[in-house]
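In what follows, a single structure is set out as structure tokens and then discussed.
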Amino acid sequence: MPGRTAVGLDIGTSGVRAAELSYGRGGITLEKFGQVALPEGAVRDGEVIDRPIVVDALKALWKGSGFTNKHVGLGIANQRVVVRQVDLPWMRPEELKASLPLQVQDYLPMAVGESVIDFHVTEELNAPEGRQLRGLLVAAAREMIANNVEAVQAAGLFVDSVDLTSFAVLRSVGKVNSEVATEALLDVGARVSNLVIHSAGQPRFVRVLLSGGQDVTDAVAERLGVPSAFAEAVKRGGVDDLDPREADLLRSAVDLMTEVFVDEIRSSIDYYSASNPQFPVERIVVSGGGSLLEGLVERLGQATRRAVVAGDPISGLHIGRTGLDEQQLLTVNPLAAVPVGLALGVIS
């Protein structure tokens, strides 16, 4: 394996996933990809709750997948992350970094001292009150980040960077040379989904949604009165083995939760569009395990009146000795957007 590698690590509600990339003159190669399932409750809305279970899963992931690098780029996305578009007075980068805590304290629902903050400049403005910087303010609870980092370190790994998973999705799925000027990227997880709208790779809007495929599973379990694991199997297997009444209950549960989720996405895009009419969303690109839910793509297209296509995070990569055959690569492709994007962030 090449010596220069980077690993992106995604700690999700349903499992831990990682991708190892190598990079050189010939381009970037996917060397390894692996995932290990987590029991319900080990990670809640993107935050580690049961550290011993997560640590054991990470150790199993590294042992079973053959990763050679123990240094990782870690992703975060949960209810304790805030992303907002704000305008600040123009200043040099070094001045902005030094004064950022004072500049943004009124925009945050948490104390600046308890947060890790960053500001991603998207454009410069000539406003009546003077030259300004428009950008995305990102703030995350310091305690939450420390908790997740410490779990990774307890597994014998080293965290080189912490990144917003929405930005990871942008790197892996967003196409800078796309035939559309502005597109929305939607990565659907089990409990947490990421929506990021960009123009030629420049992020303009980010929203972390606390909903995903597991919400559909929960609705099926409640309607049918069965355990969550069985509901997940029924959801994926369809209605063939159910009697007519159970089949109707399944369809209604899936339809209801899909409608609620799609409406949340539509509302988010409408909110963005009202504030950014000069950069209209032309299409939606979906990824993540939850994006495979039957009917989601069609409903999303109907509700938003935009083209909806599947993302392909590994299309621009060479494929190394991953140990995965062609069919397995197709299976993991929707799941790879976040870990691949995190690894790309380490490389850059």
Here D for region 20-114, in µm²/s, from Stokes-Einstein with a Kirkwood Rh over Cα pairs at 4 °C and 1.567 mPa s, works out to 74
Relative contact order of the chain (C-alpha contacts under 8 Å, at least 6 apart) in percent is 22
Note: Asp56 to Val260 extended length (0.36 nm per residue) minus current alpha-carbon separation gives 69.9 nm
If the label point sits 7 Å along Cα→Cβ of Val226, residues of region 244-261 with amide N under 16 Å come out as 244-255
Given 106-113, 191-198, the highest-first ranking by average Cβ count within 10 Å works out to 191-198, 106-113
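Shape call for region 87-195 from the C-alpha gyration tensor, a ≥ b ≥ c root eigenvalues: rounded (a/c under 1.5), prolate (a/b greater than b/c) or oblate? All intermediate terms of the calculation are to be shown ahead of the outcome.
Working: a/c = 2.18, a/b = 1.19, b/c = 1.83.
It is oblate, given that a/c is not under 1.5 and a/b is not larger than b/c.
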To the nearest 20 debye, region 81-142 has a Cα-centred charge dipole, built from +1 on Lys and Arg Cβ and -1 on Asp and Glu Cβ, of 100
Subtracting the Cα-Cα distance of Glu40 and Asn147 from 0.36 nm times their residue separation yields 36.7 nm
Once the in-chain neighbours fewer than 8 apart are removed, the aspartates and glutamates whose Cα is under 16 Å from Lys59 read Asp10, Glu20, Asp50, Glu150
Taking R0 as 51 Å and r as the Cβ-Cβ distance between Gln79 and His318, the FRET efficiency 1/(1 + (r/R0)^6), rounded to the nearest 0.05, comes to 0.85
In the neighbourhood of Leu125 defined by beta carbon distances under 12 Å, the net charge of the other residues (Lys, Arg +1; Asp, Glu -1) is -2
Between the modelled labels at Glu124 and Ser273 (7 Å from Cα along Cα→Cβ) the distance in nm is 3.2
Out of Ala127, Ser166, Ser228 - ranked by how far each Cα lies towards the positive end of the dipole of region 123-243, with unit charges on the beta-carbon of charged residues - the top one is Ala127
At the level of C-alpha centres, the distance separating region 127-205 and region 42-81, in angstrom, is 18
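Per residue of the chain, what 222 nm ellipticity follows from adding -39500 (n - 2.57) for every DSSP H run with n ≥ 4, rounded to the nearest 500? Walk me through the intermediate numbers first.
Working: 10 runs with 130 residues, N = 348.
Rounded to the nearest 500, the figure is -12000 deg cm²/dmol.
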Candidates for Cα extents along the principal axes in Å are (1) 62, 38, 35; (2) 68, 47, 41; (3) 89, 50, 43, and the calculated one carries label (2)
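Readers should treat all values here as calculations from the given coordinates under stated rules, not as data from a laboratory. Quick caveat, the model's predicted, so the values are computed rather than measured. Methodologically, a virtual Cβ is constructed for each residue, glycine included, from the backbone with ideal geometry; neighbour enumeration extends over all protein chains shown.
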